[in-house]
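The values are calculated or read from the model by the stated rules, or taken from the named source; none is laboratory data. The model shown is predicted, which means the values in this text are computed figures rather than measured ones. A quick note on method: Cβ atoms are made from the backbone with ideal geometry, for glycine too, and the neighbour counts reach across all protein chains shown. Note: accessible area is taken over every heavy atom of the protein model, side chains too, but ligands, DNA and RNA are not part of it. Shrake-Rupley method; radii C 1.70, N 1.55, O 1.52, S 1.80 Å.
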Amino acid sequence: MAKRKVPAADADVIVVGPGPAGLALAIALAQEGLRTTLVGEVRTARDGRTVALLDASIRLLDAIGAWHGLQMQAAPMAHMRLIDATDNLFRPPPVTFNAGEIGLDAFGYNIENATLVAGLATLADNTRGLARVAASATAFTDGADLAEVSLDDGRILRAPLVVAADGRNSRMRADAGIDIREWSYPQTALTAILAHSRDHRDTSTEFHTRSGPFTLVPLPGLRSSLVWVCSPEQAETLAARDDESFALAVERQARSMLGRMRVEGGRGRVPMSGLSVARFTADRIAVAGEAAHVFPPIGAQGLNLGMRDVANLRDAVVDARTRGLDIGSPEALGAYERGRRLDVRLRTTGVDALNRTLLAHFLPADLLRGAGLIALDLIGPLRRFVMREGLAPHARLPRLMSRAGAADPLL
């Protein structure tokens, strides 16, 4: 019997999707000596969106050599303040979390999304063993030995493992047959960057309102980014205002805590929704970032979960190679599947529950939420536990995110 001919692989790993998660993963894998191809065109439009990178994500970026060039363009979040503005009968006092209580200078850093992507793209261009392909991926096909990614320029790329990091409408995920669940909320998130007359003092402030969170997150200088979650009707009215009128509405909603405000740059409007996957892997493919989970912009969980996808998948692939396994096999990808399932589901449930309690207008829910804030304010050990777990599940941190670095064992 003639031996079956196996086509040559173009790479060890093909990463589809050059967003923050895809870029970081491609860099991390290439730095481990894996031939990596990143597919897709990098987009760095200045649309007013920012991302609050929490401590573990900063450690990942530092480990791959990206953070040094980004830090001066980001603002630390040394304090986080929660204010109940729901006007319910039981209104707890504001609660402030201080990073110093858990031994950190800052919970994380806030940076414009376009700045983060541009910095990672520059690093990718200078990473040995990482090839960039600007074409778009149009199809994924698994195989016994290699997976295939078809491109819109007619080429076909082959590798033992493909990573779908191509966003919530992932073509790669759909072709792999990974089922998803989607849901929506009766809310819209307005985003903007604003200059203000008072110092934010490295404090992120989140007002809990009946229509959702209203959050101002520090940026370098006298600037902050806004995420204002409100009803679609209110969002439409606010979006129709000119910059001066919109800034005045933000100033009033923020109770003039940051003084006079002025819009800088673009403004955005995003319907609130979520997405989860039935599984994180299939034959010769893993999903990561927004191809694996989509969150409403609450609690800075979305991209930080995506960065934990990156660090977990990097560990799974490196460990599989060390053991001599086919890196696209179910055995190799099993560690990633197990590592992401609980973390993502817990965060999904938590963010969804918090948002729905704000919308509920239900007295017992108000009492429970208010009692929780009071407990966090008064009980130091509980507050510190919540702060640590809010940043990342400490017992499950992958190696590039652990304080000891890559020498730590994978938990």
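The residues listed here are A235, A249; of these, the one that is farther than 21 Å from A75 by Cα, open to solvent by less than 60 Å² (accessible area, probe 1.4 Å), among the small types (G, A, S) and under 25 Å from the mean Cα position of the chain (by Cα) is A235. Selection of the stretch 159-190 for residues being surrounded by fewer than 20 Cβ atoms within 10 Å (Cβ to Cβ) and either among the polar types (S, T, N, Q) or free of Cβ contacts under 8 Å to residues at least 12 places away in the same chain (or both) yields N169, A174, S184. Among the residues of the stretch 273-302, the one identified as among the polar types (S, T, N, Q), closer than 30 Å to A144 by Cβ and crowded, with 20+ Cβ neighbours inside 10 Å is T281. Cβ-Cβ distances below 6 Å connect no pair with a first residue in the stretch 19-35 that is of a type in the set (S, T, Y), a second residue that is in a helix (DSSP H, G or I) and open to solvent by 20 Å² or more (accessible area, probe 1.4 Å), and a separation of six or more residues or different chains. Only one of the numbered conditions (1) assigned to a helix (DSSP H, G or I); (2) at pLDDT 95 or above; (3) more than 20 Å from L194 (Cα to Cα); (4) open to solvent by less than 20 Å² (accessible area, probe 1.4 Å) is violated by D62, and that is (4). For the stretch 120-157, a tally of residues being open to solvent by less than 60 Å² (accessible area, probe 1.4 Å) and not polar (S, T, N, Q) returns 20. In the stretch 29-59, the residue that is surrounded by the fewest Cβ atoms within 10 Å (Cβ to Cβ) out of those that are in a loop (DSSP other than H, G, I, E, B), at pLDDT below 95 and touching a Gly at 6+ places or on another chain (Cβ under 9 Å) is A45. On the basis of being surrounded by 19 or more Cβ atoms within 10 Å (Cβ to Cβ) and either without any contact (Cβ under 8 Å) to a residue 24 or more places away in the chain or touching a His at 6+ places or on another chain (Cβ under 8 Å) (or both), does A106 make the cut? It is false that A106 is surrounded by 19 or more Cβ atoms within 10 Å (Cβ to Cβ) and either without any contact (Cβ under 8 Å) to a residue 24 or more places away in the chain or touching a His at 6+ places or on another chain (Cβ under 8 Å) (or both). Pairs meeting the criteria (first residue in the stretch 116-132 and hydroxyl-bearing (S, T, Y) and at pLDDT 95 or above, second residue open to solvent by 20 Å² or more (accessible area, probe 1.4 Å) and not in a helix (DSSP H, G or I), beta carbons under 9 Å, at least 6 apart or on different chains) are T127/G65. Residues considered: V270, V263. Of these, the only one that is out of contact with any Phe, Trp or Tyr (no Cβ under 7 Å at 6 or more places or on another chain) and either among the basic types (K, R) or surrounded by 15 or more Cβ atoms within 10 Å (Cβ to Cβ) (or both) is V270. Remark: pairs (first residue in the stretch 306-326, closer than 29 Å to L53 by Cα and in a loop (DSSP other than H, G, I, E, B); second residue open to solvent by less than 10 Å² (accessible area, probe 1.4 Å) and not charged (D, E, K, R); Cβ separation under 6 Å; 6+ apart in sequence or on different chains) are absent.
Matching residues to (1) outside any strand (DSSP E or B); (2) among the hydrophobic types (A, V, I, L, M, F, W, C):
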{"site": "S225", "(1), (2)": "no, no"}
{"site": "V229", "(1), (2)": "no, yes"}
{"site": "R241", "(1), (2)": "yes, no"}
{"site": "S245", "(1), (2)": "yes, no"}
{"site": "R255", "(1), (2)": "yes, no"}
{"site": "P271", "(1), (2)": "no, no"}
{"site": "S276", "(1), (2)": "no, no"}
{"site": "A286", "(1), (2)": "no, yes"}
{"site": "N304", "(1), (2)": "yes, no"}
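Condition check: at pLDDT 90 or above, under 30 Å from H200 (Cβ atoms) and touching a Leu at 6+ places or on another chain (Cβ under 6 Å). Does G108 satisfy that? Yes, satisfied.
The requirement of being over 30 Å from Q71 (Cα atoms) and open to solvent by 20 Å² or more (accessible area, probe 1.4 Å) is fulfilled somewhere in the stretch 199-215, by at least one residue.
In the stretch 303-327, what residues are more than 19 Å from V149 (Cβ to Cβ) and more than 17 Å from the chain's Cα centre (by Cα)? D315, A316, V318, D319, A320, R321, T322, R323, G324, L325 - these are the residues of the stretch 303-327 that are more than 19 Å from V149 (Cβ to Cβ) and more than 17 Å from the chain's Cα centre (by Cα). Going by what's in this entry, would R241 be described as basic (K, R), open to solvent by 60 Å² or more (accessible area, probe 1.4 Å), modelled with pLDDT of 95 or more and under 25 Å from the mean Cα position of the chain (by Cα)? No, not satisfied.
Selection of first residues in the stretch 137-150 that are over 13 Å from A8 (Cα atoms) and among the β-branched types (V, I, T) and of second residues that are modelled with pLDDT of 95 or more and part of a loop (DSSP other than H, G, I, E, B), restricted to Cβ pairs under 6 Å at least 6 apart or on distinct chains, gives the following pairs, ordered by first then second residue: T138/D152. Scan the stretch 181-225 for residues that are within 16 Å of S273 (Cβ to Cβ) and among the charged types (D, E, K, R) and jot them down. Those that are within 16 Å of S273 (Cβ to Cβ) and among the charged types (D, E, K, R): R181, E182.
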